Amino acid sequence: MPPEKHALLSASAASRWLTCTAAPRFEEGLPESTSAYAAEGSLAHAIAELKALKKFTIMTGRTYSTRLNKLKKEPLYDPEMDKTTDLYLEHLTEQAMLYDSTPTVAVEVRVDFSEYVPEGFGTCDCVMIGGDTLSITDYKHGKGVPVAATGNPQMRLYALGALKRYAAVFGDTIKQVRMSIDQPRLNSYSTDLITVEELLDWGNSIKPIAQKAFSGLGEFVPGEHCRFCRGKAQCRARANANSALEDFKGCVPAATIQPGELVPQVHSYITPNGNEVHPLLTDAEVGDLLIRGQHLIQWYKDLEEYATKRLMDGKPIEGWKLVAGRSVRTFTDQDAAIQAVIAAGYDEALVYDRKPKTLSELEKLMGKTEFAEKIGSFVVKPLGKPTLALATDKREAYNPAASDFAGVVSE
Ligand code: SF4
């Protein structure tokens, strides 16, 4: 679901305010940025909603076509939206088939979870209820990073709201809640299943945190979640956290040198606070520095983006200015220029390159099914380059020995 506009503690930002309880009130006073991605997401949601309504409620073919054609005329419409929303609909149909009998289905359901989060409300893309199970599904059009449904606070808040909304009709027949996040552009479909009891316990556990975040008495806690915060460039707490590398330079313990290990004065280093330490960082220290510095680059980029915008708006940023970046020469009229080259006697074959479309472009052209059927056998996926990741990362560790024999794998 696109972010809710008016809830201070929105479900979509829950993973941020549950950790940094100061964020909501801090962000409140900062300008909201709108992006083309958000507008694209809203349009894709509107198409997804229409398809789900056609599938699960009564809608004439004519009404459906009229509304769909209108959406397709929007300037941001991309034919890919038609495919990704078809995949979403396929997944909803599969979800419905998990029930023993036809479930009750509702689309774009406004839910209220203010019992747990002050003034909390949101919209579920799709809710299904049947037997003892309530299912909610969220369509995400973005293709940044896959979002897991497991333990996802946004989904849990929606589920709490949906439970409350349908309690009057279904009473306590609902015993479990299935929460799914569909990201067809990333081929990512994630589901979590928990009991109603677990969900209510979780809801009660976050009440004091939500209260703190709402009150404005929260604490600033920087971390991975800062990347979507409106104050990410100007936040002092984040800036302080990212200066931790500076602080580290005087903190290497003198005990790092074992007696007789090195010749003093030649191979030792005296820190600013007078400690004699080994001049080489240990691997453990490298690991520690990497952990401390992991958000540094993103933070620096956010600062650059902020400063650029301020300068573009005519506001000074001390010590910095804007200059024209590198640019490349270009034709004012490429077709006319090419014709002039041919007229000058150059063969057309020398003037044009004939390039095949990329794999992704062909897949987009043909659609996933036909692509897999007709040319899937030509597709291989080489093992990716080894990439440094935190030890807690869910992916399997890269094995250099095994990779020598791995060759290629098909997807
Ligand atoms: S930038 Fe990070 S630390 Fe600062 S308010 Fe936002 S989420 Fe909290």
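Tabulated results
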quantity	calculated
Filtered GluC sites (Glu not before Pro), segment 12-44: DSSP coil and at most 16 other beta carbons within 10 Å	Glu32
Sparse-neighbourhood loop sites, chymotrypsin sites (Phe, Trp or Tyr not before Pro) in segment 69-139 - DSSP loop, at most 13 other Cβ within 10 angstrom	none
Radius 14 Å from Cβ of Ser215, net charge of other residues (Lys, Arg +1; Asp, Glu -1)	0
Gain on full stretching of the segment that runs from Tyr99 to Arg326 - 0.36 nm per residue minus C-alpha separation	75.8 nm
Formal net charge of residues neighbouring Pro184 (Cβ-Cβ distance under 10 Å; K, R +1; D, E -1)	+1
Projected label distance in nm at Arg292 and Val169, using a 7 Å step from Cα toward the beta-carbon	5.6
Greater than 18 Å apart at Cα, pairs in Lys70/Lys368; Lys83/Lys364; Lys83/Lys381; Lys55/Lys143; Lys175/Lys394	Lys70/Lys368; Lys83/Lys381; Lys55/Lys143; Lys175/Lys394
Ranked by how many other beta carbons lie within 10 Å on average, peptides 191-197, 355-361 from highest	191-197, 355-361
Long-range amide H partners of Gly231 with built H, under 5 Å	none
Using θ = phi - 60° and Karplus 6.51 cos²θ - 1.76 cosθ + 1.60, couplings along segment 345-354 (whole Hz; Gly, Pro as x)	x, 7, 5, 4, 4, 7, 8, 9, 9, 9
Note, ³J(HN,Hα) from phi for segment 134-140, Karplus 6.51, -1.76, 1.60, rounded to Hz, x at Gly and Pro	9, 10, 10, 10, 10, 8, 10
Test item: Cα-centred dipole of segment 11-224, Lys/Arg +1 and Asp/Glu -1 on Cβ, debye	580
Glu396 versus Arg227: modelled label distance in nm, points set 7 Å from Cα along the beta carbon direction	2.5
DSSP bridge orientation in the chain - percent antiparallel, rounded to nearest 5	80
3J(HN,Hα) from dihedral phi, segment 164-170, Karplus parametrisation 6.51/-1.76/1.60, rounded to Hz, x for glycine, proline	5, 4, 9, 4, 4, 8, 9
Portion, in percent, of the accessible area of the chain that falls on carbon or sulfur, probe 1.4 Å	56
15 Å tail of the calculated P(r), segment 345-393, as % of Cα pairs	67
Cα gyration tensor category, rounded, prolate or oblate, for the chain with a/c compared to 1.5	oblate
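The values are calculated or read from the model by the stated rules, or taken from the named source; none is laboratory data. Please read these numbers as outputs of a predicted model, since none were measured by experiment. In this analysis, Cβ positions are derived from the backbone assuming ideal geometry, glycine residues included, and neighbour counts consider all displayed protein chains. Quick note on the areas: whole protein, heavy atoms, side chains included, nothing else; ligands and nucleic acids left out. Shrake-Rupley method; radii C 1.70, N 1.55, O 1.52, S 1.80 Å.
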